[in-house]
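The values are calculated or read from the model by the stated rules, or taken from the named source; none is laboratory data. Computed from a predicted structure; not experimentally measured. So basically every Cβ, Gly included, is an ideal-geometry build from the backbone, and we count neighbours across all protein chains shown.
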Amino acid sequence: MNFRPVLFPVSTLSIRTLAQLGKFLTDGLRSVRFRIPARDTFGTVTLHTYYVVKLKNGRTEYDYAGDHAVSCSNSVFPQFDVKPCWYASRHTEEQINIDSGTPNNPHLF
């Protein structure tokens, strides 16, 4: 007799139950018993932006475009098409590559 088809739904149900219990214990009891306020869902990180312009003579020019605030989610995984704050705080520089064309291309269009 093969018990694998029965064990798979039971194991996934037990894993989901343990995950929900862990979420309840961390979120519910922490705020009720220990009076710790809940974290915000989203945060902000300052991003430094640079333009990397490849010139026709083969040189590369770097232009500083300024700083701007980017929203991030306080979670382990990305949510709502926004990067997590732990990832965004480690990657604070953004490069925008601009290619002005190849130097040996005689065509305009």
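Out of curiosity, is V10 at negative phi, at pLDDT below 65 and not in a strand (DSSP E or B)?
yes
Looking only at the range 44-82, filter to residues that are modelled with pLDDT of 90 or more, farther than 30 Å from S100 by Cα and of a type outside the set (A, V, I, L, M, F, W, C); which one of those is nearest to the chain's Cα centre (by Cα)?
Within the range 44-82, the match that is nearest to the chain's Cα centre (by Cα) is S71.
List the pairs whose first member sits in the range 77-97 and is of a type outside the set (V, I, T), whose second member is exposed (fewer than 10 other Cβ atoms within 10 Å of the Cβ), and whose Cβ atoms are under 7 Å apart, counting only residues at least 6 apart or on separate chains?
These pairs meet every condition: P84/V76; P84/F77.
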